[in-house]
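Please read the structure below before turning to the comments.
The values are calculated or read from the model by the stated rules, or taken from the named source; none is laboratory data. These numbers come from a predicted model, not from an experiment. All Cβ positions, even for glycine, are placed from backbone atoms using ideal geometry, and neighbour counts span all protein chains on display. To get the accessible areas, we keep the full protein, side chains included, count just its heavy atoms, and leave off ligands, DNA and RNA. Shrake-Rupley method; radii C 1.70, N 1.55, O 1.52, S 1.80 Å.
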Amino acid sequence: MSDIGDWFRSIPFITRYWFAASIAVPLIGKLGLVDIRNLLLFPEMVFSRFHIWRPVTATLYFPITPNTGFLYLVNLYFLYHYSTRLETGSFDGRPADYIFMLLFNWICIVLLMIPLIMSVLYIWAQFNKDTVVSFWFGTQFKAHYLPWVILAFNFIIGGSFVNELTGNLVGHLYFFLMFKYPMDLGGRAFLSTPEFLYRFFPNRRGGVSGFGVPPTRRQAPQDNAGGLGGRHNWGQGFRLGGE
């Protein structure tokens, strides 16, 4: 048990609580400890009866059945794997920026579990697009294609791709507005992390990992650098299967 505890504590802070809650909430519903209807999002219940927990539990809940159990485990692995890599790589030492990214995506995806996970995976793939990743049956390709391969994979095993497509589109929206447009195209910075998040989650030096090395990229104009707070030093990621 100590090994499991050490492994759990080694997960970066934000991913650790997101991962744990994504296990606890579905199990609570599966075991019948709480009525599933109290975990789902019904807007009238939020606004009329002030069930303010519903937007959060609806994002964390997944209906575990014999038909969906494998899909749940696959997405739980994606959550752990790619959120950990993103939090300890491109967002290393900047928890406020990572929380803002999750909040932005969370609002855009209408509070669903799989799209939020896929949006994080998509953003990781954009930061590491030239990294060669391994997938099922030994297939290898650049990380840039990974979100779309997973979309096709989940369609095969789950029969739908709407959640994956939504996550990819939201991840693209965040990446474009936060980085691509202001930093690479010289446009205005439409998104920036609110200062109050920095007060609660200040930047720190010496993160837990540091995957990859900062890529060479064109510097943003001076007036746009303020929107990003001068806090960003993006990592290029790592090679899957090479650990």
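For the reader, a short list of remarks on this structure follows.
- Screening L73 against (1) at pLDDT 80 or above; (2) surrounded by 14 or more Cβ atoms within 10 Å (Cβ to Cβ); (3) under 24 Å from N168 (Cβ atoms) leaves a single unmet condition, (2).
- Residue in segment 117-126 that is open to solvent by less than 30 Å² (accessible area, probe 1.4 Å), part of a loop (DSSP other than H, G, I, E, B) and modelled with pLDDT under 95 present: no
- Count of segment 159-172 residues which are open to solvent by 50 Å² or more (accessible area, probe 1.4 Å) and touching a helix residue (DSSP H, G or I) at 6+ places or on another chain (Cβ under 8 Å): 5
- Top-ranked residue in segment 54-64 [being open to solvent by less than 60 Å² (accessible area, probe 1.4 Å) and assigned to a loop (DSSP other than H, G, I, E, B); ranked as farthest from F19 (Cα to Cα)]: I64
- Considering residues of segment 130-139 that are out of contact with any Leu (no Cβ under 9 Å at 6 or more places or on another chain) and not in a helix (DSSP H, G or I) only, the residue farthest from R85 (Cα to Cα): T139
- Qualifying positions in segment 143-194 - β-branched (V, I, T) and over 19 Å from M118 (Cβ atoms): T193
- Selection count, segment 85-115, where residues are under 11 Å from P12 (Cα atoms), in a helix (DSSP H, G or I) and open to solvent by 10 Å² or more (accessible area, probe 1.4 Å): 3
- Listed by first and then second residue, the pairs linking a residue in segment 71-98 that is within 18 Å of L197 (Cβ to Cβ) to a residue that is at pLDDT below 90 and assigned to a helix (DSSP H, G or I), with Cβ atoms under 9 Å apart and 6 or more places separating them unless they lie on different chains, are D97/L228.
- Taking the listed residues F196, F201, F176, F190, the one that is open to solvent by 30 Å² or more (accessible area, probe 1.4 Å), at pLDDT below 90 and aromatic (F, W, Y) is F190, with no other qualifying.
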